[in-house]
Amino acid sequence: MSRKPLLDPNRSYTFSNYFDLNADPFDLVGEFGYSLIRTQLQLPQFSGDLQQLNFLKQRIDNILPYVDLTNETARREILIAPIVSELVQITHARLSIEYSLQVTSQLQGTLDYYLRTQTHLLVIEAKQADLTRGFTQLAMEMIALDQWTDLNQPNLLGAITTGNIWQFGVLHRSSKQIEQVLNLYRVTEDIEAVVRILLAALIRDERTTQARN
C-alpha cells in the first residue's frame, strides 16, 4: 500500500505554511525528492582577519542589558540584523530582505534574508523562537532555491536563528541531500564562529578553512 501524500496537490503552500504544518521533516523533504540527515558537523570557516568583529560583539553586549528580547522584532533588530549587515559590509554581498520567490505552487513565499555574491546564502528567523519547526521551513526554502537558481554552486548553506541561537543546514545539490547540522551557536558567545561560517559561504578563496568532520 502506498503512503498517502503529506501535501494536498490541489492546495498552494507558502514557506510559512510548512512551519505551521508541523509535519515530519524527513517525510516532507521526501515529497520533493530530497533526503534529510542530522549530524554533528564542523562547517568551513573564513580564516581571514576580522578585527571589526570585536566592535560588533561589544556593541551587542552593551545593548543587551537594556533591551527586552521577548518579541521577534526585537530579536531581529538587535541580534540578527547587525550580523547580516556585517556580512554585507565585509563581502559587498547583494542583500534582499523579505525576498519573494515562487518556484511552484508548493514552493513559494518570502526569504527573510537572501545574500548573493558568487554564491547564495539564506538566513531565516525562527518564528516563535522554535528552531525545530523553523528548520523544516528552512529546508523547504533551500529546496526552492536549489530548483530556482542556475548558479553553479555545489552546496547551499542556510541558517535558522532565534537571534540568541543559530543553527545551520547544508543542501548538497548533486545528491539532493540536506544535512541538519546539530551544532548550536550562541550569540554573543559564539558570534565569531557564526560570522566566520556565514562568510565562508559567501567568500570562496584560500582564506576559507575546510573543517568538516
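The values are calculated or read from the model by the stated rules, or taken from the named source; none is laboratory data. Here the structure is a predicted model, which is why all the values come from computation and not from measurement. Cβ coordinates were reconstructed from backbone atoms using ideal geometry, including for glycine residues, and neighbour counts include every protein chain displayed. With ligands, DNA and RNA removed, areas are computed over all heavy atoms of the protein, side chains included. Shrake-Rupley method; radii C 1.70, N 1.55, O 1.52, S 1.80 Å.
Along its principal axes, the range 113-213 has C-alpha extents of 33, 30, 25 angstrom, given from the largest down.
Roughly how many percent of the accessible protein surface of the chain is carbon and sulfur, given a 1.4 Å probe and a whole-percent answer?
Answer for the chain: carbon and sulfur cover 46 percent of the accessible area.
Let's test the formula: R0 of 35 Å, r as the Cβ-Cβ distance of D150 and I37. What FRET efficiency results, to the nearest 0.05?
0.85
Our helix-only sum for the chain, with -39,500 (n - 2.57) per DSSP H run of n ≥ 4 divided by its residues, gives a mean residue ellipticity at 222 nm of -9500 deg cm²/dmol. Between the helical axis of 191-202 and the dominant principal axis of the chain, each derived from Cα atoms, what acute angle in degrees is found, rounded to the nearest 10? Rounded to the nearest ten degrees, it is 60. Evaluated with a Cβ-only charge set (Lys, Arg +1; Asp, Glu -1), the chain carries a dipole of roughly 340 debye about its Cα centre, given to the nearest 20. Counting every C-alpha pair in the chain, the share spaced more than 23 angstrom apart comes to 44%. The alpha-carbon of K4 sits under 16 angstrom from the alpha-carbons of these aspartates and glutamates, leaving out residues fewer than 8 places away in its chain: D24, D27, E31. As a ratio to 2.2 N^0.38 Å, the alpha-carbon radius of gyration computed for the range 1-87 takes the value 1.67.
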